Amino acid sequence: MNKTALRIEYKKKRNELSPAHKLRLDDLLLLQFQQLNFSGVQSFMTYWPMQHQVEPNTHLFSGYLRHMIPGLNILYPKVNGKDTMDAILIDENTVYETSNWGITEPESGSVFAPLHIDMILVPLLVFDRQGYRLGYGKGYYDRFLAQCREDAVVVGLSYFDPIGAIADTHEFDIPLTIGLTPQHIYEF
């Protein structure tokens, strides 16, 4: 199936999740996340979940890591123009704003070099058995990930099992290192 058809299908599936079922799936995703190896992780890039997209509650994951790794650098993306985004270092004083696209991002802050990021949580609708993710189609994350170290751990969260293959991946798509579902950890 191609990306356009998959986006329609998986947005519909997400919208059909009841709030109680979504909470349960978020808890199960967190349990899978807690099984990962965090040795060497000193910088973690996450994103603010978009409620209108029924995204997993990423605050659970950053909160867990903040507790487990003293001095952890937590980063959020901020679109810095038409085609790119920066990783912004946040702290307890960070002020957030929501863009016209419904994306909540830091209003300002220090830019953190992509080459120094150890683990990156990326948004997706679903991923395939080769580790390719289906995002929202703008390419921001693939362009950003191309600037990161090859050994940076790229993690995707999906409420659904991986699909066989995304038919129209291209050479610029960057696969996940790890895909998490409520029941499984997939390593690529």
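The values are calculated or read from the model by the stated rules, or taken from the named source; none is laboratory data. These numbers were taken from a predicted model, which means no experiment stands behind them. Every residue, glycine among them, receives a Cβ derived from its backbone with ideal geometry; neighbour counts consider all protein chains shown.
Odds and ends about this structure:
- Selection of region 23-55 for residues being touching a strand residue (DSSP E or B) at 6+ places or on another chain (Cβ under 7 Å) and free of Cβ contacts under 8 Å to residues at least 60 places away in the same chain yields only Trp48.
- Scan of region 29-45 for residues that are within 16 Å of the chain's Cα centre (by Cα) and either farther than 21 Å from Met119 by Cβ or not in a loop (DSSP other than H, G, I, E, B) (or both), ordered by number: Leu29, Leu30, Gln32, Phe33, Ser43, Phe44, Met45
- Glu105 satisfies every condition listed in (1) touching a Lys or Arg at 6+ places or on another chain (Cβ under 9 Å); (2) in contact (Cβ under 8 Å) with a residue 24 or more places away in the chain; (3) outside any strand (DSSP E or B) except (3).
- Some residue of region 99-106 being surrounded by fewer than 19 Cβ atoms within 10 Å (Cβ to Cβ), touching a helix residue (DSSP H, G or I) at 6+ places or on another chain (Cβ under 8 Å) and polar (S, T, N, Q): no
- Selected residue (only one of Ile174, Ile90, Ile163 is in contact (Cβ under 8 Å) with a residue 60 or more places away in the chain and farther than 16 Å from Glu55 by Cα): Ile163
- Restricting attention to region 8-54, the residues that are among the aromatic types (Phe, Trp, Tyr) and exposed (fewer than 12 other Cβ atoms within 10 Å of the Cβ) add up to 0.
- Residue in region 145-165 that is charged (D, E, K, R) and closer than 18 Å to Thr84 by Cα present: yes
- Contact map, region 1-22: first residue farther than 13 Å from Val126 by Cβ, second residue of a type in the set (Lys, Arg), Cβ cut-off under 9 Å, separation 6 or more or different chains; pairs are Lys22/Arg14.
- From the list Leu115, Leu121, Leu134, the lone residue that is more than 15 Å from the chain's Cα centre (by Cα) and of a type in the set (A, V, I, L, M) is Leu115.
- Across region 62-98, the number of residues qualifying as over 23 Å from Arg143 (Cβ atoms) and surrounded by 11 or more Cβ atoms within 10 Å (Cβ to Cβ) comes to 8.
- The residues on offer are Leu75, Leu89, and the sole one that is closer than 23 Å to Arg149 by Cα, within 14 Å of the chain's Cα centre (by Cα) and of a type in the set (A, V, I, L, M) is Leu75.
- Any hit, region 140-150, residues being over 22 Å from Asn73 (Cα atoms) and either at pLDDT 95 or above or not charged (D, E, K, R) (or both): no
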